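A.B. asks: Handing you this structure, nothing more for now.
The values are calculated or read from the model by the stated rules, or taken from the named source; none is laboratory data. Quick caveat: nothing in here was measured; it's all calculated off a predicted structure. Cβ coordinates were reconstructed from backbone atoms using ideal geometry, including for glycine residues, and neighbour counts include every protein chain displayed. When the accessible area is computed, the model is the full protein with side chains, heavy atoms only, and any ligands, DNA or RNA have been set aside. Shrake-Rupley method; radii C 1.70, N 1.55, O 1.52, S 1.80 Å.
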Amino acid sequence: MVNMLKMDMYRLFKSKAFKVVLIVVVILNLTYGPLVRLLSYISERTASSDSEPVVWERSMNFADIVRSPLGFFDSILILLSIVWFSHADLGHGYIKNIAGQLSQKGYTVISKFIVVGIQNFFLVLSAVIAQTIGYIPVKDINFTEELSSAIGYFWLKWLLMLAISAIILLFSSGLKSKTAATTTAVLMGGQILSLTYMLFSFGIRKIPLKFLKEFSLGDYMPDSLMSEAEPPVVKSIIVSLVIITVFMTATVNVFNNKDVN
């Protein structure tokens with residue numbers, strides 16, 4: 001298992017897809033600060049005399065970046081990188097040779113899951129660092145206020161992203177469907193499923209049970225929870241652990257029962 005992890009780590013950091021995603025995530029986050037300042041400057045210049053003046057808030061807490069580091073595009077990119085990494089070794093003989101050396105083929109899936117968690121942490125941390133560097137020329141950043149709680153939310157969102165990763169791995173490694181995995185990554189990374197959750201919730205609330213009258217599916221989905229600046233801690237941990245346990249168990253069982261190409 002340790003050797004499997006070493007090989008997957010080597011494969012991750014040598015892959016062109018990982019390097020491209022890292023570069024794009026860093027560039028995107030470096031531009032956020034200057035772009036926000038530019039838009040604010042344009043608003044100041046184009047505002048009519050009757051409208052309220054636009055005031056550029058110079059101060060900013062580093063904790064705000066740590067708490068919510070990812071935007072629309074980088075969230076999707078990071079989840080897509082999971083698809084590319086987890087599907088890259090299928091159908092090329094590599095996974096067949098490795099799986100044949102293990103007592104359980106499903107160990108390869110567990111190894112991928114661990115490495116995906118490391119990859120997620122590395123990419124999100126890169127986003128935080130790049131975004132901070134981008135804001136330094138245009139903001140006065142306070143590096144101490146609320147930092148301890150923000151770090152807690154950083155790890156909480158990492159756990160929620162790991163839960164999404166477990167869902168993606170079921171499609172990419174378990175069912176070997178790159179299309180389904182890619183679709184899931186885009187929909188969940190872009191938080192595009194909100195309307196679907198609302199429709200399901202509406203249908204569930206029609207069930208004549210009192211405790212379902214206020215039910216909202218989005219409150220129990222990792223992508224919806226991750227979109228909140230400060231998601232509920234206990235609920236997020238429970239949701240993440242349940243999803244990881246259910247989907248990783250399903251993925252390992254499906255993988256064990258399928259022929260490896």
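A.B. asks: Given a 1.4 Å probe and every protein chain left where it sits, what share in percent of the accessible area of the chain is carbon and sulfur?
C.D. replies: Values: 9180 of 13690 Å².
Accessible surface attributable to carbon and sulfur in the chain totals 67 percent.
A.B. asks: Distance from a point 7 Å along Cα→Cβ of Glu44 to each backbone N in the stretch 131-163: keep the residues under 18 Å and list them by number.
C.D. replies: 135-141
A.B. asks: Can you give the charge dipole size of the chain about its Cα centre, rounded to the nearest 20 debye, using +1 on the beta carbon of Lys and Arg and -1 on the beta carbon of Asp and Glu?
C.D. replies: Details: 22 positive and 17 negative charges, 244 e Å.
Dipole magnitude for the chain comes out near 1180 debye.
A.B. asks: Count charges around Val26 for me, please; just the other residues with Cβ under 15 Å from its Cβ, Lys/Arg as +1, Asp/Glu as -1.
C.D. replies: Values: positive: Lys19; negative: Asp74.
Net charge around Val26: 0.
A.B. asks: Just want to confirm a number: the relative contact order over the stretch 171-258, from Cα pairs under 8 angstrom separated by 6+ residues, in percent. Kindly include the intermediate steps, with their values, before the conclusion.
C.D. replies: Numbers: 55 pairs, mean separation 26.7, N = 88.
With pairs under 8 Å counted, the relative contact order is 30 percent.
A.B. asks: While we're on this one: Once you have the Cα-Cα distance between Val20 and Asn256, take 0.36 nm times their residue separation minus that, and quote the gain in nm to one decimal. Walk me through the numbers before you get to the answer.
C.D. replies: Values: separation 236, 0.36 × 236 = 84.96 nm, distance 3.19 nm.
Gain on extension, Val20 to Asn256, equals 81.8 nm.
A.B. asks: Let me ask another. Which entries in Lys14/Lys112; Lys16/Lys178; Lys176/Lys235; Lys6/Lys112; Lys157/Lys235; Lys19/Lys112 show an alpha-carbon gap greater than 20 Å?
C.D. replies: Values: Lys14/Lys112 15 Å; Lys16/Lys178 18 Å; Lys176/Lys235 31 Å; Lys6/Lys112 11 Å; Lys157/Lys235 12 Å; Lys19/Lys112 18 Å.
Going by Cα-Cα distance, Lys176/Lys235 fall outside the 20 Å limit.
A.B. asks: Something else now. Rg to Rh for the chain: what is it, with Cα atoms only and Rh by Kirkwood? The partial results should precede the final answer.
C.D. replies: Working: Rg = 21.0 Å, Rh = 20.3 Å.
Taking Rg over the Kirkwood Rh, I get 1.04.
A.B. asks: Each label point is 7 Å from the Cα along the Cα-to-Cβ direction; what then is the distance between the points at Phe13 and Leu241, in nm?
C.D. replies: The answer from the label model is 3.1 nm.
A.B. asks: Compute the helix-to-body angle for 16-46: its Cα long axis versus the longest principal axis of the chain, expressed 0 to 90° and rounded to tens.
C.D. replies: It is inclined by approximately 20 degrees.
A.B. asks: A further question on this structure: Counting only protein chains, not ligands or nucleic acids, how are Thr245, Thr251, Thr182 ordered by accessible area (probe 1.4 Å), most first? Numbers along the way, then the final one.
C.D. replies: Values: Thr245 85, Thr251 0, Thr182 45 Å².
Largest accessible area first, the list is Thr245, Thr182, Thr251.
A.B. asks: May I pose another question? On the full set of protein chains, 1.4 Å probe, figure out the accessible area of Tyr10 and give it in Å² to the nearest 10.
C.D. replies: Using a 1.4 Å probe on the heavy atoms, I get roughly 150 Å².
A.B. asks: Please list Arg37, Arg58, Arg45 from largest to smallest accessible area, probe radius 1.4 Å, with all protein chains kept in place.
C.D. replies: Working: Arg37 65, Arg58 95, Arg45 170 Å².
If we order Arg37, Arg58, Arg45 from most to least accessible, we get Arg45, Arg58, Arg37.
A.B. asks: Relative contact order for the chain using alpha-carbon pairs under 8 Å, separation at least 6, rounded to a whole percent?
C.D. replies: On the way: 314 pairs, mean separation 74.5, N = 261.
Rounded, it is 29 percent for the chain.
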